[in-house]
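Beneath this line is the structure, given in structure tokens, with notes to follow.
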Amino acid sequence: MNKACSPLIDLDAAAALIGPLTECVTSAGAAILRFDRAAIRAESKADGSPVTEADLAADLILRNGILRHAPEIPVVSEERLDLAKPPDEGSFFLIDPLDGTKEFVAGRGEFTVNVALVTNGTPLLGIIGAPALGTIWRGLVGRGAERLAAGAADAAPIRTRAFPRAGQPWIVAVSRSHGDAQTETFIDTRPGAIRRKLGSAIKFAGVAEGSVDIYPRLAPTHEWDVAAGHAIVTAAGGKVTDPRGADLQFGGRLNDFIIPAFIAWGDPSVARRMKAP
């Protein structure tokens, strides 16, 4: 059977898309902020996750923007799974128009707009925008990662940090809204952890910029929750693996886009001695 294949975007072509895609993320974030969160109503999707008008508005902006700048590349969006046809080979976009809908509805600022470019099953480019915080993180694997203020031209390089020495505390990002027993057990059996509660993909940003050492999630989540952060952490010098240290694969589970578990490591060398059983 012949595999479906889309055009392959290389590093140079991906680098040329960073600016236009950042503008798309900024525009989507601005659209989200125009909604009155006190009046907005969240509805439940088939999988039980919430969706609002803000999610759908951001989705439309992202899809139209990507269509303008890379019309030949397929787009998989959390809000348009009925249109999802990721290739087995080549490149496709994976987007989460509003990651952290619970944070958004609750009035907190830790929600994000996530865009990733996946090539041959691995995130190559990632952009995470936090519109309420006025911050964007972005990275291109092999070319580095950076942080910038929304709407600004100048960006500051970011880098993951070395894991603290034995006996020193380490910072672990944990979900503000989606805790799970397996993750808590993983943290508890490795002494010295200081938990930092964060919402949405901002946990990946913390790892990428060196304010967090590790972000484990040992419960199922979706590819669009992970892909942009995966690219940024990797570009910043870190690594994202499954609990046993193996690489993650994106676009291979068309029926559900589930990632069973993952760990984002700021210091890749630590993965060998801290991996989950």
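Here, each number is a calculation from the coordinates, and none is a lab measurement. Just so you know, these numbers come straight off a predicted model, no measurement behind them. Cβ coordinates were reconstructed from backbone atoms using ideal geometry, including for glycine residues, and neighbour counts include every protein chain displayed.
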inquiry  = Which of rounded, prolate or oblate describes the stretch 11-158 when judged by the alpha-carbon gyration tensor and an a/c cut-off of 1.5?
reply    = oblate
request  = Take each of the peptides 238-245, 120-127, average the number of other beta-carbon atoms within 10 Å over its residues, and list them starting from the highest.
outcome  = 120-127, 238-245
message = Using the crude model of +1 on Lys and Arg Cβ and -1 on Asp and Glu Cβ, and no other charge, please compute the dipole size for the stretch 88-245 relative to its Cα centre, in debye to 20.
response = 620 debye
note = Note, the stretch 97-104: 3J(HN,Hα) by Karplus (6.51, -1.76, 1.60, θ = phi - 60°), whole Hz, Gly/Pro = x, goes x, 8, 8, x, 4, 4, 5, 4
remark   = Projecting the Cα atoms of Ala16, Ala219, Thr185 onto the charge dipole of the chain, where Lys and Arg contribute +1 and Asp and Glu -1 at Cβ, the residue farthest towards the positive end is Thr185
query = Can you give the charge dipole size of the chain about its Cα centre, rounded to the nearest 20 debye, using +1 on the beta carbon of Lys and Arg and -1 on the beta carbon of Asp and Glu?
reply = 920 debye
key: Whole-number D in µm² s⁻¹ for the stretch 157-277, Kirkwood Cα-pair radius fed into Stokes-Einstein, 10 °C, 1.306 mPa s   = 112 µm²/s
query = Per-residue ellipticity at 222 nm for the chain, helices alone: DSSP H runs ≥ 4 residues times -39500 (n - 2.57), over residue total, nearest 500 deg cm²/dmol?
reply = -8500 deg cm²/dmol
ask   = Size of the dipole of the stretch 170-274 about the Cα centre, Lys and Arg at +1 and Asp and Glu at -1 on the beta carbon, nothing else charged, in debye to 20?
value = 240 debye
request  = Tally the DSSP beta bridges in the stretch 67-200 and give the antiparallel ones as a percent, rounded to 5.
outcome  = 75 percent
query = Which helices count as membrane-span-like in the chain under these terms: full DSSP H, at least 24 Å along the axis by C-alpha, Kyte-Doolittle mean of -1.0 or more?
reply = 11-33, 53-69
